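All remarks here apply to the structure that follows.
The values are calculated or read from the model by the stated rules, or taken from the named source; none is laboratory data. All values reported here derive from a predicted model rather than from experimental measurement. Note that each Cβ is placed from the backbone with ideal geometry, even for glycine, and that neighbours are counted across all protein chains shown.
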Amino acid sequence: MIQRKQTIFLVLSLLAYIFLFIVPFASFNLGTVVTCSVGIRGIQGACEFPRVMFVVMQILATFFITLVGITIFMYKDRPLQLKLCAFAFLTNVAVVGAMFLTTSMIESSFNLTDYNRINYHLPTFIPVLTLVAMWFTVRSIRKDEALARSMDRLR
């Protein structure tokens, strides 16, 4: 039964996070010539910044991808699938927090003003969309569990 609704939401979340590893989610200008892009893998450009927060984001995003990948194949054990989705949801919230904490640390470290502050791009909203997808996943799993319990009562 891998072709259920929740599997579609989980696969979309998985692909979105893989996309987040590739594309930067923010950028900022240093002067008029230098543009630095901020992604989960680090800052691309001529900017130097400590890698600690990027390593934290990479670990959290990898943990999320792993949890979602495992959850896809746990379709026979719905209670375990619900628990894994809850952990993935919390991990996703932690990634969102780490992303905005990192950009705020970059803003204060480089003394960015209103003229050259951080510009967020479309991939910034990927974790928010995956939060919605995880909510739909949990809802679908609960419906499947209710259906299975009602069928057991009829037997």
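How many of the residues making up the range 17-32 are surrounded by fewer than 19 Cβ atoms within 10 Å (Cβ to Cβ) and not hydroxyl-bearing (S, T, Y)?
8
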Among helices (runs of 4 or more DSSP H) lying entirely in the range 47-154, which contain 3 or more residues that are free of Cβ contacts under 8 Å to residues at least 40 places away in the same chain and more than 16 Å from L14 (Cα to Cα)? 78-109, 126-154
Have a look at Q44, Q6 and point out the one that is modelled with pLDDT under 90 and surrounded by fewer than 17 Cβ atoms within 10 Å (Cβ to Cβ). Q44
State whether the residues of the range 101-118 include one that is modelled with pLDDT under 85, on the phi > 0 side of the Ramachandran plot and not β-branched (V, I, T). yes
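Could you please find all residues in the range 1-43 being of a type in the set (S, T, N, Q) and over 25 Å from A98 (Cβ atoms)? I'd like the intermediate steps shown before the answer.
Our first condition is that a residue be of a type in the set (S, T, N, Q); within the range 1-43, this holds for 3, 6-7, 13, 27, 29, 32, 35, 37.
Scanning the range 1-43 gives Q3, Q6, T7, T32.
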Looking only at the range 52-65, decide whether some residue is of a type outside the set (F, W, Y), touching a strand residue (DSSP E or B) at 6+ places or on another chain (Cβ under 6 Å) and closer than 23 Å to N111 by Cα. no
